[in-house]
1. Of all residues in region 80-108, which are closer than 16 Å to Ile128 by Cα and outside any helix (DSSP H, G or I)?
2. May I ask you to list pairs of residues, at least six apart or on different chains, whose Cβ atoms are under 7 Å apart, with the first in region 3-19 being surrounded by fewer than 11 Cβ atoms within 10 Å (Cβ to Cβ) and the second being in a loop (DSSP other than H, G, I, E, B)?
3. Mind listing just one residue for me: the one in region 1-55 that is in contact with a helix residue (DSSP H, G or I) (Cβ under 6 Å, 6 or more places away or on another chain) and of a type in the set (Ser, Thr, Tyr) and, of those, farthest from Arg135 (Cα to Cα)?
4. Inspect all residues belonging to region 73-92 and state whether any of them is surrounded by 17 or more Cβ atoms within 10 Å (Cβ to Cβ) and of a type in the set (Val, Ile, Thr).
5. Considering every residue within region 102-110, establish whether at least one is surrounded by 14 or more Cβ atoms within 10 Å (Cβ to Cβ), at pLDDT 95 or above and within 15 Å of the chain's Cα centre (by Cα).
6. Among the residues of region 66-123, how many are among the acidic types (Asp, Glu), under 18 Å from Cys51 (Cβ atoms) and touching a residue at least 40 places away in the same chain (Cβ under 8 Å)?
7. Check region 36-45 and report whether any residue there is touching a Cys at 6+ places or on another chain (Cβ under 7 Å), touching a residue at least 40 places away in the same chain (Cβ under 8 Å) and assigned to a helix (DSSP H, G or I).
Amino acid sequence: MEQRINAFAKGQAAMKSLYGIGIYLAKSSIEERLRNLIYFRVSQVNGCAYCLDMHSKDLRAAGETEQRLYMLDAWRESPVYTPRERAALAWAESVTSLHEGHVPDEVYEQAHAEFSEEELIDLTLAVIAINSYNRINVAFRTAAGSYEPGQHAVAAK
């Protein structure tokens, strides 16, 4: 596929708002590895090749195992994720999909049991951010494959 628009080059002023969210989240109590795991899973749900490439490489650079990455699409049936990760994954999927216009009470209760109210707000903001990036990359067909681990860390500072 041919890239339609390079939104990160042509829309620098617009993208600054998203970068600001990333700067905030980097200082939040939601662990970077968990944020990247959420980013990777939401990117699977949304079919964003650029973000899948990016976050798989960042996760691997941070020491994430191949097994956990390969099993992420079936995390509910896999024993390799912690209760906190499971709660975050369920929350991220529910906030991303919004089936029937709501996040189910049982998903909220599970997330609330693992995250403080402030953390749950930050987790939701992380889901909103990756959904935004996914939609930009999918809409403009951002080319995947050339990302280097940490490449966007400077842009987010």
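1. Those that are closer than 16 Å to Ile128 by Cα and outside any helix (DSSP H, G or I): Leu98, His102, Val103.
2. Note: pairs meeting the criteria are Arg4/Arg141.
3. Ser29
4. no
5. Scanning region 102-110, I find no residue that is surrounded by 14 or more Cβ atoms within 10 Å (Cβ to Cβ), at pLDDT 95 or above and within 15 Å of the chain's Cα centre (by Cα), so the answer is no.
6. Matching residues across region 66-123 total 1.
7. Yes, region 36-45 contains at least one residue that is touching a Cys at 6+ places or on another chain (Cβ under 7 Å), touching a residue at least 40 places away in the same chain (Cβ under 8 Å) and assigned to a helix (DSSP H, G or I).
Each row is one residue, and each column tells you yes or no for (1) under 29 Å from Ala14 (Cα atoms); (2) β-branched (Val, Ile, Thr).
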{"residue": "Glu66", "(1), (2)": "no, no"}
{"residue": "Ala74", "(1), (2)": "no, no"}
{"residue": "Pro79", "(1), (2)": "no, no"}
{"residue": "Ala90", "(1), (2)": "no, no"}
{"residue": "Ser94", "(1), (2)": "yes, no"}
{"residue": "Pro104", "(1), (2)": "no, no"}
{"residue": "Leu125", "(1), (2)": "yes, no"}
{"residue": "Ile130", "(1), (2)": "yes, yes"}
{"residue": "Ala153", "(1), (2)": "yes, no"}
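The values are calculated or read from the model by the stated rules, or taken from the named source; none is laboratory data. Please read these numbers as outputs of a predicted model, since none were measured by experiment. Because the Cβ atoms are built from the backbone with ideal geometry, glycine has one as well, and the counts that use them run over all protein chains shown.
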